[in-house]
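First comes the structure, then the notes that go with it.
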Amino acid sequence: TVLPNIATKPNGLVIITDLPDTDDDLSGHILSGNAGEMTDKMLEAIGMSRENVSIIPVLFWRTPGGRSPSREELDLSMPFVNKMIEMLSPRVIITFGTLATAEITKSNLNEVHGNEIVNDNGCVIVPMYHPN
């Protein structure tokens, strides 16, 4: 199981990322290793850090062999992701990766990358490629 990063000083930004990788599985924290370093540099470049940004994976565990998750696994996890989004009430959500974008926006990342999508709650969603 990989723990999400819930901001201690929230600023209205939430990152939803794809499933955990090997580094995440070993550390128990989402976006560790090289992808985590890149994420931290990206956040630093805009004056933010993990202290004020919540990071939530679409799946809270690494699938066997890192395979793509089944619909059943996603259906099990997504109510928790959606509840966290509801509780955090972000102004902006950035999705990292194909899976996160598909689950949150019901869109293909290659078609919506970098575009702003406004959801029914007025939250701006910006799909991006995963930092790995």
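In table form, for the structure just shown:
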| item | result |
| --- | --- |
| Cβ-Cβ FRET estimate between GLU37 and THR63, R0 fixed at 22 Å, reported to 0.05 | 0.40 |
| Carbon + sulfur, % of accessible area of the chain - ligands and nucleic acids excluded, 1.4 Å | 53 percent |
| The chain shape via C-alpha gyration tensor axes, a/c threshold 1.5 | rounded |
| Accessible surface, segment 10-132, averaged per residue in Å² (probe 1.4 Å) | 54 Å² |
| DSSP loop GluC sites (Glu not before Pro) with at most 16 other Cβ within 10 Å: longest gap in the chain | 52-115 |
| With all protein chains modelled, accessible area of LYS83 [1.4 Å, Å²] | 100 Å² |
| Rough spin-label spacing in nm, given labels placed 7 Å along Cα→Cβ, for GLU86 and THR1 | 2.0 nm |
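The values are calculated or read from the model by the stated rules, or taken from the named source; none is laboratory data. Remember, predicted model here, so these are calculated numbers, not experimental data. Note that we place each Cβ from the backbone using ideal geometry, even for glycine, and neighbour counts take in every protein chain shown. Heavy atoms of the whole protein, side chains included, go into the accessibility calculation; ligands, DNA and RNA do not. Shrake-Rupley method; radii C 1.70, N 1.55, O 1.52, S 1.80 Å.
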